Amino acid sequence: MFDIAALFLVVTALLAYVNHRFLRLPSTIGVMAIALLISLAVVGLHALGIDHGIKAREESLLKSIDFSDVLMQGMLSLLLFAGALHVDLSTLRAYRWQIAALAIVGTCLSTIVVGVVLWWVLPFAGLSLPLIHCLLFGALISPTDPISVMGILKSIGAPKSLELVIAGESLFNDGVGVVLFSLLAGVAASGVVPSTGQAGLLLLQEAGGGLAFGLVLGWATFWLLKSIDQYQVEVLLTLAAVMGGYALATHLHVSGPLAMVVVGLMVGNGGRAEAMSDTTRRYIDMFWELVDEILNAVLFVLIGMEVLAIAFSASLLAAMVCAVAVTLLARVATVGLPVAALSKLFRLPKGSWRVLTWGGLRGGISVALAFSLTPGEGRDIVLGLTYGVVVFSVLIQGLTVGRVARKVCAKE
């Protein structure tokens, strides 16, 4: 396992260097694009019979990695905590209802819209997928990942309210999406549809339990940080809280992602203000910024390479196009239109609905959830659709959302 981790870190570092030296794309988008191009080149060389076994070796390497386990049990807790650490809770409270509406109501509605519409559309592409699998796809594709969008918004001086809502939505809809996916996966496995009461109880246990556990863990971490003043130990305490807390949340059957967001908000606000010296703040910020950058880079290199796991066909390519269109339409219907129609309630700059719609990028969590499905034809189709949407959103939306945001900001 150490050799594999070392290899991926070396590959990621080299691709990050090439991107920074020559392409100058946003870091995560650049490394993913290069990894994807290399993998596609390997596929092309293999088709011509001149790859000298490179494709087989790359496939063997990827098979030795459980993508779902690596992200869901390894990276996700660190990434969510790092993202929540720098969110201003006082400002977040001012937009709490807007963020809750987008993260909870929007994600639930998006799951239904994507699932039902895709179930109706897929036969026109020559594929059929049971409704439950379409809903599973809706649940895993609805959470958003801001990746480079936040950096772009900061660089062009976008309104802070818009930055906050995008960041807040992406932090919380990950947890909501995972809870919905778990509920639907249980239905797919058992074939039994739970009653409304049973579904509500499960959601309360997962989501409510995750939030409550996060509050307890966040308070304990805050107390420990406040009782000492040594930055080395305090950095170690935050790392232990994240990794140990996420593992414990999994064993308690509560939402680890939501718990990590709560811990990050508590440490990044109350902890930063009352439990840390200036030196500790500086080191904790630098440490978690590096963790965030490194893990995101490795994650998107993995996504770029995972193209080899997709069994492409003409029908699947057509279905990918349909999935991209359905996902974008669902984003407009569940986020764009409500924000535009209720602009006074959302208190966002005019035209923000465009940035929220086009900036709703999908990332690693969607691919990881797709990989976690039980092997079978349905999983292969869902994985292909997920990969198509993620690649489109990162490479096309990610590289053009800056233009959309600039137009909105220019009108302010």
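Points to keep in mind about this one:
- Placing +1 on each Lys and Arg Cβ and -1 on each Asp and Glu Cβ, with no other charges, gives region 3-410 a dipole about its Cα centre of roughly 1380 debye.
- Of Ile132, Pro338, Ala323, farthest towards positive along the dipole that unit charges on Lys, Arg, Asp, Glu beta carbons give region 3-410: Pro338
- Relative contact order (%) - region 1-111, alpha-carbon pairs under 8 angstrom, separation at least six: 12 percent
- Contact order normalised by residue count of region 298-412, Cα under 8 Å, 6+ apart, percent: 35 percent
- Potential extension, Arg379-Thr91 segment - 0.36 nm per residue separation minus Cα distance: 99.6 nm
- Evaluating 6.51 cos²θ - 1.76 cosθ + 1.60 at θ = phi - 60° for every residue in region 369-382, the Karplus couplings come out as 5, 5, 5, 7, 5, 4, x, x, 4, x, 5, 4, 5, 4 Hz, glycine and proline recorded as x.
- Per residue, the average separation of C-alpha pairs within less than 8 Å and at least 6 apart gives region 66-142 a relative contact order of 28 percent.
- GNM on the chain, alpha-carbon springs under 10 angstrom: the most fluctuating residue among Ile54, Ile104, Ile284 is Ile54.
- Overall form of region 3-410 per C-alpha gyration tensor (a/c, 1.5; a/b vs b/c): rounded
- Eligible lysines near Lys407 by straight Cα distance, threshold 20 Å, same-chain separation 8 or greater: Lys154, Lys160, Lys350
- Each of Cys409, Cys108, Cys134 was scored by other Cβ atoms within 10 Å of its Cβ. Arranged with the fewest first, they read Cys409, Cys108, Cys134.
- Pairwise centroid distance, computed over Cα atoms, of region 286-332 with region 119-190, Å: 12 Å
- Working note: Karplus 6.51/-1.76/1.60 with θ = phi - 60° gives region 392-409 the couplings 4, 5, 6, 7, 8, 5, x, 8, 10, 5, x, 5, 4, 5, 5, 5, 5, 5 Hz, where Gly and Pro are set to x.
- Taking a ≥ b ≥ c as the square roots of the eigenvalues of the alpha-carbon gyration tensor, region 152-291 is classed oblate because a/c is 1.5 or more while a/b is no larger than b/c.
- Reachable lysines, given that their alpha-carbon falls under 24 Å from the alpha-carbon of Lys226 and they are not under 8 places away in the same chain: none
- Secondary-structure-derived ellipticity at 222 nm for the chain, considering helices only, amounts to -22500 deg cm²/dmol, per-run term -39500 (n - 2.57) for DSSP H runs with n ≥ 4.
- Shape summary of region 272-319, radius of gyration then Dmax from alpha carbon positions: 20.0, 59 Å.
No lab work stands behind these numbers, since they all come straight from the coordinates. What you see is a predicted model; the values in this text were computed from it and never measured. In this analysis, Cβ positions are derived from the backbone assuming ideal geometry, glycine residues included, and neighbour counts consider all displayed protein chains.
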